[in-house]
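Chemist: Dumping the structure here so I can ask a few things about it.
Read-outs throughout are calculated quantities, based only on the coordinates presented, and are distinct from any laboratory measurement. This is a predicted model, so every value here is computed, not measured. With ideal geometry, Cβ positions are generated from the backbone for all residues, glycine too; neighbour counts draw on all protein chains shown.
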Amino acid sequence: MLVDLLRQLSDLLESEPDHPNLTRLSPPAYLDDAEADAAYQLLAGEELRTSHQRAIAAVTESLGRDRLTEDDLWAWVQSLNSVRLVVGTRLDISEDDHGPTFRSAGDPGDRPLWAVYDFTTLLQHDIVDALSR
């Protein structure tokens, strides 16, 4: 499942870098100046996409290993966070959403997305915990 999610994210980054679901992967740098922000996005956008693609490749390459390096784990954190941000965008999650109460009120068709969001959140938490030791 994780390989498929990362492949989908990689494909979307490559084929549709301006897709609305990717909005949170390149947040605005200048909230009050649309022109400056557009220039920044043009300048930094490719670098951000390349960084995401490198992290995805590192995760994919590390999947069969018995041990992961600290760099591998940071690539996992970055990739999992990217998946979470895209899924969170699809689910329209905001800072005001607090778990199951919100989820049960949502569209039942969104349950698989919530499962992905929860899984990647828990996995990311465990990796960050391992990095902090």
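Chemist: Give me the number: length gained by fully extending Glu47 to Asp107, i.e. 0.36 nm times residue separation minus the C-alpha to C-alpha distance, one decimal in nm.
Modeler: Working: separation 60, 0.36 × 60 = 21.60 nm, distance 3.55 nm.
Computed gain between Glu47 and Asp107 is 18.1 nm.
Chemist: Next up: I want to check the label-to-label distance for Ala115 and Glu16. Put each point 7 Å from Cα in the C-beta direction and report it in nm to one decimal.
Modeler: Each label point lies 7 Å from its Cα, and together they span 2.3 nm.
Chemist: Based on alpha-carbon centroids, what's the gap between region 118-133 and region 1-44 in Å, whole number please?
Modeler: Spelled out, the Cα-based centre of one part sits 24 Å from the other.
Chemist: Counting other Cβ atoms within 10 Å, keep those with at most 14, restrict to DSSP loop, and tell me which trypsin sites (Lys or Arg not before Pro) in region 35-98 are left.
Modeler: Working: sites: Arg49, Arg54, Arg65, Arg67, Arg84, Arg90; in loops: Arg65, Arg67.
Qualifying residues, ordered by number: Arg65, Arg67.
Chemist: If I stretch the segment between Leu123 and Arg7 completely, what's the gain in nm (0.36 nm per residue apart, minus their alpha carbon distance), one decimal? List each step's numbers first, then the result.
Modeler: Numbers: separation 116, 0.36 × 116 = 41.76 nm, distance 1.78 nm.
Extra length from Leu123 to Arg7 when fully extended: 40.0 nm.
Chemist: Output the relative contact order of the chain, whole-number percent, from Cα pairs under 8 angstrom with separation of 6+ residues. Before the final figure, lay out each step's value.
Modeler: Numbers: 89 pairs, mean separation 36.3, N = 133.
Relative contact order for the chain comes out at 27 percent.
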